[in-house]
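Just passing along the structure, written as structure tokens.
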Amino acid sequence: MKSIPLIRVGLLLPIVNFLDHIGSPTERLLEQVSISPMALDRPDGLLTLYQGASLAERAAALEGIETLGFLIGSQTPPPRLGTLGKLVQNSLTLFDLFITVEQVIGMANSGQRVSLRWDGDWVWWQFNCENPGRISNLQNHRYDLGLYLSALRQALGPNWRPPELHLKEPRCQAMVDLQDFAGTTIHFLRPYNAIKIPRSALSLPYNPSAPSNNLGSPDYERFQQTAPDPAFFNSLHQLIQAMLPYSYPDIALVAAASGLSVRTLQRILAEAGLTYSKLVDRVRFNRAIALLQQPEVKLLDIAGELGYTDPANFTRAFKRWAGISPREYRLLHSHKSIE
């Protein structure tokens, strides 16, 4: 079974900030797609691609802005995209940028695929984001197009326009009429999105002062360790864990965020011999064990991270899982404790 496509919160922040700026009812829109406003405080946290796509589509319809995704993306420089943006911004040349994105994009958006295709004196930057489920992915595609154009213009100049574009979407006059594509030949209904770039531009400086070992940095290692998992159940675990600090992630909430029906999710779990409550217990227990091995993290904070408003409930649950209290577990497995 395919994994649940997950994205970093940092990819959603420019959309939320733009909606706030134009006076859109952002909190209501976030509630409609089951995103807690508190989740936005963790740029490297995870949400589902379905939630991100739903937010963009609802906002575009509400505000009547057909090209909303592109408008936001084209105004967003890489540094505003959390750790992903930091890694991309540290590229030495335009070619280095493409190679970096190829290596790290799956850590930020497990539903996106990118590649660089050579075509004589030109290259095509190809990108495609899978459809997250029962909704349109149109604004997501346009957002990605805007983000990549913004990144390219850092090397090619703020007014650079691609000579040619391939877009997956049907012909849209609003996209044709954008000043960003004045003089650009746009081909619609293509199998992937792609931007045509002169091959000679690949050696242009991007960030000459960038560190030479960008992908060996601590930022990269942390990003890699928390990347979306390609396996379905592991990605489901990541989704539930990401939701725990804000409220109990009941099955309807998780199913909706995944683009699944409750019945479908229950069937998938039953086939694996699991109930939903048992799955949540497993996620909580694994997260508790990981945090208990960090002596600087207080038991009160661990309880909150697992979604318990009362630490006593966490202690009772842990005893049910492990037969001992969290404090006893920490003492048994660590020689250091600040509790």
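When the Cα centres of segment 1-66 and segment 71-92 are compared, how far apart do they sit, in Å?
Comparing the Cα centres of segment 1-66 and segment 71-92, I get a distance of 17 Å.
Report, to one decimal in Å, the Kirkwood hydrodynamic radius for segment 224-333 based on all distinct Cα pairs.
Computed over Cα pairs of segment 224-333, the Kirkwood hydrodynamic radius comes out at 14.8 Å.
Sticking with this structure for a sec: What is the spread of the Cα atoms of segment 1-160 along each of their three principal axes, largest first, in whole Å?
48, 41, 27
In addition: Nearest-5 percent of antiparallel DSSP beta bridges in segment 6-223?
About 90 percent, rounded to the nearest 5.
Turning to a different aspect of this structure: If neighbour count is taken as other Cβ atoms inside 10 Å, put Arg320, Arg8, Arg330, Arg42 in order from fewest to most.
Arg320, Arg42, Arg330, Arg8
Here is a follow-up. So if I restrict to the alpha-carbon atoms in the chain, what is the Rg, and what is Dmax, the biggest pairwise distance, in Å?
Taking only Cα atoms of the chain, I get Rg and Dmax of 21.9, 69 Å.
Between Glu221 and Tyr246, what is the label-point separation in nm under the 7 Å Cα-to-beta-carbon projection?
Inter-label distance under the simple model: 3.1 nm.
Can you compute log10 of I(q)/I(0) for segment 1-62 with the Debye formula, treating each Cα as one identical point scatterer, at q = 0.17 Å⁻¹?
Rounded to two decimals, the profile gives -0.52.
Segment 165-274: which trypsin sites (Lys or Arg not before Pro) are DSSP loop and have at most 13 other beta-carbon atoms within 10 angstrom?
Of the trypsin sites (Lys or Arg not before Pro), the ones in loops of segment 165-274 whose Cβ has at most 13 other Cβ atoms within 10 Å are Arg171.
Another one. Could you list Thr67, Thr264 in order of exposure, starting from the residue whose Cβ has the fewest other Cβ atoms within 10 Å?
The order, fewest Cβ neighbours first, is Thr264, Thr67.
Follow-up. Could you tally up the Lys pairs in the chain with alpha carbons closer than 26 Å? Skip any pair fewer than 8 positions apart unless they're on separate chains.
Taking the Cα cut-off of 26 Å, the pair count is 9.
Let me ask something additional. Could you work out the relative contact order of the chain, using alpha carbon pairs under 8 angstrom and six or more residues apart, expressed as a whole percent?
Value for the chain: 19 percent.
If you don't mind, there's one more thing I want to ask. Order these by the 10 Å Cβ neighbour count, fewest first: Leu81, Leu291.
Result, fewest neighbours first: Leu291, Leu81.
To continue, here is another question. Between Asp301 and Arg117, how high is the FRET efficiency from 1/(1 + (r/R0)^6) when r is the Cβ-Cβ distance and R₀ = 45 Å? Nearest 0.05.
The calculated FRET efficiency here is 0.40.
FYI, it's all coordinate maths here, none of it is from the lab. Here the structure is a predicted model, which means the values were calculated and not measured. Neighbour counts are summed over all protein chains in view; Cβ atoms, including those assigned to glycine, are modelled from backbone coordinates with ideal geometry.
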